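J.: Shown below is the structure under consideration.
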Amino acid sequence: MNYALIVARRYLIARRKQAFISVITFISALGIAIGVMALVIAVALITGFHSDVQNKILSSTSHIMVSDLTGEGLNDYKTALDRIAAVDGVESVSPVAYTEVLLKGPYKTYGAMLKGIDFDVEKTSAPWLQTLNGGEIPDPDLKRPGILLGSRVALEIGAGIGDVVTAITSSSRLSPLGQVPKFKNFVVTGIFKTGLHQFDSTTALIHLDAAQAFLKLDDRISYIQVRIDDIFEAERVGRRIKEVMPPVIYVTTWMELNRPLFSALKLEKTIIFLTITLIVIVAALNIIASLILMVMEKTRDIGILMAMGTPSGIIRRIFFYQGAMIGAIGTAAGVVLGLFVCWLANTFELIKVPVDVYQIAFVPFYINIRDLLLIVGVTLAISFLSTLFPSHRASKVDPVVALKYE
């Protein structure tokens with residue numbers, strides 16, 4: 001073992017004349033551990049919240065939305081589907097026809113978004129369609145068209161599987177009694193739950209053909225949903241789609257649709273990281289105090305070592321290693337404690353939040369390796385920097401003065 005490291009370890013674990021120095025050393029390591037634990041928990045909380053919301057949003061909505069600037073719907077959409085599907089990075093494309101409706105159920109009438117989709121395509125990329133909360137996907141051959149209700153929508157209108165609900169649109173049709181709203185009856189064949197409150201509480205799904213017939217769209221659709229292989233390449237893929245489509249096409253990415261939310265989460269994560277890092281810096285000041293007191297206590301030992309020919313560099317290294325060990329022990333303890341708390345919080349779902357505000361029932365804790373390495377790296381760097389002044393002071397001890405009265 002390195003000579004300086006052996007001496008540093010003996011100084012760290014040996015009993016001292018001044019018990020106060022041992023207390024300061026313990027407090028230094030404890031402060032580092034608490035700071036690291038707080039950092040791990042805070043970053044895991046923000047990262048988990050960000051990841052969960054992002055996954056739920058992207059599992060229920062498109063990565064890229066291609067629509068018509070005129071608002072009249074996309075004509076010849078099948079050709080558009082083929083063009084977009086040929087773009088590099090595109091995983092799947094599907095047409096959507098939608099409108100706002102009032103859903104009249106057994107209990108009450110409730111406003112919702114009625115979407116007509118291609119269930120065969122959507123099911124491949126939407127886990128919540130593969131495992132419904134109850135019932136099954138509507139059969140297109142049913143005499144009365146079927147409908148899937150979001151879990152909150154079904155609860156609001158008091159509808160269950162097998163019940164008939166009426167969709168009423170704001171557009172009207174001419175009848176012997178004058179202009180009356182258009183409406184159509186649907187039988188509830190299933191109920192879905194994505195976990196995203198906003199989607200589950202506002203959406204009802206039917207087959208695309210049924211939606212086109214109900215809305216009198218003929219061969220038009222409202223927009224095209226595009227899913228891509230890498231969600232962070234949405235802007236690049238979006239630009240490529242614009243190049244292969246007519247000028248009247250408007251392309252919107254998931255980043256643009258949710259920019260305020262994810263920008264706020266990113267800023268919050270940065271601020272929390274910087275704020276809690278201050279705790280680590282304060283703890284590092286205890287390392288400086290501990291090492292300075294250690295140098296004062298070990299002045300005689302330092303003098304003897306230097307009188308025996310020990311270079312000042314070795315003396316500097318002894319106290320550097322001692323401070324580094326305090327920092328490393330505190331960092332390791334903080335990481336273990338932080339990960340343990342995160343495991344407890346995930347296992348028992350400790351952090352409950354209002355689902356109608358945050359879109360999720362509880363906050364999951366998730367920390368990726370990059371964040372963990374950043375926390376460990378920053379903490380060790382602060383700990384190592386805090387040893388520079390005390391170790392430099394130890395190397396400047398004059399052996400003649402240190403041994404003058406010995």
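J.: Relative to the first principal axis of the alpha-carbon coordinates of the chain, what is the inclination of helix 369-386, with its axis defined by its Cα atoms, in degrees from 0 to 90 and to the nearest 10?
T.: 30
J.: What number, in percent, do you get for the relative contact order of the chain if the mean sequence gap of Cα pairs under 8 Å and at least 6 apart is divided by its residue count?
T.: With pairs under 8 Å counted, the relative contact order is 29 percent.
J.: Which whole-Hz couplings ³J(HN,Hα) result when phi for each residue of region 186-198 is put into the Karplus expression 6.51 cos²θ - 1.76 cosθ + 1.60, θ = phi - 60°, listed in order with x for Gly and Pro?
T.: 10, 9, 6, 9, x, 10, 10, 9, 8, x, 9, 4, 4
J.: Sticking with this one: By DSSP, what percent of the beta bridges with both residues in region 70-247 are antiparallel, rounded to the nearest 5?
T.: If I count the DSSP bridges inside region 70-247, around 75 percent turn out antiparallel.
J.: When only Cα pairs under 8 Å and 6 or more residues apart are kept, what is the percent relative contact order across region 70-247?
T.: Relative contact order, region 70-247: 34 percent.
J.: If each Cα of region 219-305 is one equal point scatterer, what is log10 of I(q)/I(0) from the Debye formula at q = 0.16 Å⁻¹?
T.: So the normalised log intensities are -0.84.
J.: Going by how many other beta carbons lie within 10 Å of each one, how would you line up Tyr110, Tyr98, Tyr3, fewest first?
T.: So the ranking, lowest neighbour count to highest, is Tyr3, Tyr98, Tyr110.
J.: Which residue, chosen from Leu265, Tyr250, Ala283, occupies the Cα position most advanced towards the positive end of the dipole of region 224-304, where the dipole is computed from +1 (Lys, Arg) and -1 (Asp, Glu) charges on Cβ about the Cα centre?
T.: Value computed over the given set: Tyr250.
J.: Same structure again: State to the nearest 20 debye the size of the charge dipole of region 70-247 about its Cα centre, where the only charges are +1 on K and R beta carbons and -1 on D and E beta carbons.
T.: It comes to approximately 720 debye.
J.: Another question about this same structure. Using the Karplus equation 6.51 cos²θ - 1.76 cosθ + 1.60 (θ = phi - 60°), what ³J(HN,Hα) coupling, rounded to whole Hz, does each residue of region 287-295 give in order, writing x for Gly and Pro?
T.: Running phi through 6.51 cos²θ - 1.76 cosθ + 1.60 with θ = phi - 60° gives 4, 4, 4, 4, 5, 5, 5, 5, 4 Hz.
J.: Sticking with this structure for a sec: In debye, nearest 20, what is the charge dipole magnitude of the chain about its Cα centre with +1 on Lys and Arg Cβ and -1 on Asp and Glu Cβ, if you could check?
T.: 2000
J.: What is the distance, in nm, between label points placed 7 Å from the Cα along the Cα-to-Cβ direction at Leu5 and at Lys352?
T.: Those two pseudo-labels are separated by 5.1 nm.
J.: For the chain, what proportion of DSSP beta bridges, expressed in % and rounded to the nearest 5, is antiparallel?
T.: Roughly 80 percent of the beta bridges in the chain run antiparallel, per DSSP.
J.: Kirkwood hydrodynamic radius, computed over distinct alpha-carbon pairs, for region 32-94: how many Å, to one decimal?
T.: 15.5
J.: Given H placed on each backbone N at 1.01 Å, which residues far from Tyr98 in sequence or on other chains put an amide H within less than 5 Å of it?
T.: For Tyr98, the qualifying residues are Gly116, Ser222.
J.: Just from its helices, what would the mean residue ellipticity at 222 nm be for the chain, if runs of 4 or more DSSP H residues each count -39500 (n - 2.57) and the sum is divided by every residue, rounded to the nearest 500 deg cm²/dmol?
T.: Value at 222 nm, helices only: -17500 deg cm²/dmol.
J.: For region 127-174, restrict the atom set to alpha-carbon positions and state the Rg and Dmax in Å.
T.: Calculated on Cα positions, Rg and Dmax stand at 12.8, 42 Å.
J.: Using the C-alpha atoms of region 281-356, what convex hull volume per residue, in cubic angstrom, is computed?
T.: Value for region 281-356: 116 Å³ per residue.
J.: On average over all directions, what projected area in square nanometres does region 70-247 have, based on the convex hull of its Cα atoms?
T.: 11.4
J.: Compute the long axis of helix 19-60 from its Cα atoms, compare it with the longest principal axis of the Cα atoms of the chain, and write down the angle in degrees, 0 to 90, nearest 10.
T.: 10
J.: Take the alpha carbon atoms of region 192-250, find their radius of gyration, then divide it by 2.2 N^0.38 Å using N residues; give the quotient.
T.: That works out to 1.48 for region 192-250.
J.: Name the residue farthest towards the positive end of the dipole of region 70-247 from the options Ala204, Tyr107, Ser94, assuming +1 on Cβ of Lys and Arg, -1 on Cβ of Asp and Glu, about the Cα centre.
T.: Tyr107
J.: Taking the Cα centre as origin and putting +1 on Lys and Arg beta-carbons and -1 on Asp and Glu beta-carbons, what dipole magnitude results for region 9-143, to the nearest 20 debye?
T.: So the magnitude is around 1840 debye.
J.: Going down the list Lys193/Lys242; Lys123/Lys269; Lys108/Lys193; Lys115/Lys269; Lys56/Lys216, which pairs span over 24 Å between their C-alpha atoms?
T.: Lys193/Lys242; Lys123/Lys269; Lys115/Lys269; Lys56/Lys216
J.: Under the √(5λ) rule applied to the eigenvalues of the Cα gyration tensor, what semi-axes describe the equivalent ellipsoid of the chain? Give them in Å, descending.
T.: 68, 22, 15
J.: Then there is this: Using 0.36 nm per residue of separation minus the Cα-Cα distance, give me the extension gain between Glu72 and Val244 in nm, one decimal.
T.: In short, 59.9 nm is gained.
J.: Compute the Cα gyration tensor for region 150-307, then decide on rounded, prolate or oblate, letting a ≥ b ≥ c be the square roots of its eigenvalues: rounded whenever a/c is under 1.5, prolate when a/b is larger than b/c in the other cases, and oblate in all that remain.
T.: prolate
J.: Taking the beta-carbon count within 10 Å as an exposure proxy, list Glu136, Glu233 from fewest neighbours to most.
T.: Glu136, Glu233
J.: For the Cα atoms of the chain, what angle does the longest principal axis make with the long axis of helix 312-348, in degrees from 0 to 90, nearest 10?
T.: 30
Quick note: the coordinates plus some simple rules give every number you see, no bench work behind them. These numbers were taken from a predicted model, which means no experiment stands behind them. Cβ: placed from backbone, ideal geometry, glycine included. Neighbour counts: every protein chain shown.
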